[in-house]
Amino acid sequence: MESAAPRELINTDIAIARYPVAGEVWVSSMWSGDRLADAVVLDEFPGSSATAAVRTALEHGISAVDDAPTSLVELFAFLDDEPNWVDHARLDRAADALIRHTAALGIVLGAASLLRGAGNSIAGKPLVLTGRYTTMPAVRSVEVGEWLRHVITPGGMRRDGAGFAYTVRVRLIHAHVRSAMYRLGTWDEPAWGVPIPQPYMAFTMAEFGHIALDAMARLGVRFSEDELDAIYHLWRYVGHVIGMEPDLNPVDAADHIRIEELYRLTSPGPDESDREFVTALTDDYIIPELSAVLAGPQRLRHAVAAGLMNGLQRVFLGDDDADALHIPDTRLKHVIRLAEPVMTTFGRARIVLLGGAQRVSRRGYRARDVEMTRMRATYGVNHELVDDAPSPVPAPAH
């Protein structure tokens with residue numbers, strides 16, 4: 001591990017002064033990837049591949065892999081040893097709570113979580129260099145949605161659950177990307193640290209955790225303390241499975257908030273690639289999706305959807321961060337802020353009118369699956385994740 005911070009990271013002295021222990025871990029972990037998964041990707045698999053071997057071990061156990069190298073044995077020794085703090089009843093409660101608000105969750109992931117991540121040019125470098133940052137935002141969104149569909153399902157994160165398997169596959173994809181970055185010969189490690197380092201993996205957990213929850217609250221969604229506890233527990237376990245070290249893997253809301261602050265504090269800010277990503281995501285995917293559910297002539301629907309989405313983005317990010325990403329300003333942001341109490345009242349009434357929490361959860365799972373099927377057909381996505389994507393989808397995991 002290097003002793004100094006990556007050259008382009010800023011305010012590291014302030015970060016360590018503000019958070020003496022967590023700040024030091026944050027800065028030093030910019031040099032840390034995922035030891036277990038990285039070793040698997042760099043190993044030899046005669047007649048097969050790391051991706052295929054991992055898929056076999058996920059489905060049938062490590063004993064089903066002929067002549068499994070030590071790296072793969074060690075990875076699955078970790079994966080098969082479930083931590084004693086995992087509570088599957090809480091994981092299922094988290095899934096049920098989130099799926100009741102699946103539409104709001106989908107909006108905030110695109111209009112808040114991903115845009116928070118785009119405020120850091122270092123974090124986006126792997127996608128820039130592999131050509132997946134500003135291209136095919138809809139395809140990437142479907143891939144993320146497919147992973148999320150299996151994670152946010154009762155039993156999904158059990159050892160034999162699809163959410164667990166998808167998360168391990170994402171972990172291996174990250175390792176393949178790290179390897180690809182070094183093979184390209186364009187990765188500036190002294191300036192950026194390692195590709196997809198531990199701190200940015202931690203921030204991804206915050207994107208799906210506190211950042212999404214905070215944005216959903218602005219749309220009137222209210223979770224109970226028990227539901228919030230379960231949701232944070234879910235993302236803690238996802239973080240464990242995806243390769244987070246315990247000292248950075250967030251446990252509760254306070255951890256998520258600290259990670260968000262460290263990410264923003266040490267970020268050099270967005271660059272032109274980040275702004276192009278935000279434009280592509282918004283104009284080529286989010287606005288057309290929102291426009292499709294509105295009524296009226298196409299031009300009017302598109303204009304309303306654009307204004308509404310830009311307003312939401314500014315409410316979620318704040319004007320300063322939205323300006324940095326060149327998100328158009330709109331007066332609708334004021335309307336959205338003023339509407340929060342009304343949306344909160346409507347959100348509570350909705351659960352009652354639809355027959356209670358359990359019935360709404362069941363409807364949510366059905367609606368989510370129907371929507372995923374529609375999106376796959378609309379955007380011609382026939383693969384699951386990038387590790388099984390056909391050409392011409394750029395796939396460094398291959």
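The values are calculated or read from the model by the stated rules, or taken from the named source; none is laboratory data. Quantities reported herein were computed from a predicted structural model and do not represent experimental measurements. Note: ideal-geometry Cβ built from the backbone for every residue, glycine included; neighbour counts use all protein chains shown. Accessible surface areas use protein heavy atoms only, side chains included; no ligands, DNA or RNA. Shrake-Rupley method; radii C 1.70, N 1.55, O 1.52, S 1.80 Å.
A few remarks follow.
- When the alpha carbon coordinates of segment 192-265 are projected onto the principal axes, the ranges are 39, 24, 16 Å, largest first.
- Cα shape, segment 335-380, gyration tensor, a/c 1.5 rule: oblate
- Based on the Stokes-Einstein relation at 37 °C and a viscosity of 0.692 mPa s, and on the Kirkwood radius from alpha carbon pairs, segment 40-132 is assigned a translational diffusion coefficient of 192 µm²/s.
- Shape parameters for segment 207-355, alpha-carbon atoms, Rg then Dmax in Å: 17.7, 53
- Taking segment 37-81 and dividing mean pair separation by its residue count, relative contact order in percent (alpha carbons under 8 Å, at least six apart): 38 percent
- Once the Cα gyration tensor of segment 222-271 is diagonalised, semi-axes √(5λ) in Å: 23, 15, 9
- Taking the accessible area of the chain, probe 1.4 Å, and keeping the other protein chains in place, the carbon and sulfur fraction comes to 55%.
- Accessible area in square angstrom per residue, the chain, 1.4 angstrom probe: 45 Å²
- Rounded tilt (10° steps) of 225-242 against the dominant C-alpha axis of the chain: 30 degrees
- Over all projection directions, the Cα-based convex hull of segment 37-81 averages an area of 2.7 nm².
- If the Kirkwood radius is taken over C-alpha pairs of segment 268-369, then at 10 °C and 1.306 mPa s the Stokes-Einstein diffusion coefficient equals 101 µm²/s.
- Computed over the chain, relative contact order equals 26 percent, with contacts defined as Cα pairs under 8 Å that lie 6+ residues apart.
- Shape summary of the chain, radius of gyration then Dmax from alpha carbon positions: 20.8, 63 Å.
- Cα-only Debye scattering, segment 106-218: base-10 log of I(q)/I(0) at q = 0.14, 0.19, 0.21 Å⁻¹: -0.65, -1.17, -1.36
- Shown is the FRET efficiency for Arg376 and Ile10, computed with R0 = 35 Å from the Cβ-Cβ distance and rounded to the nearest 0.05: 0.30.
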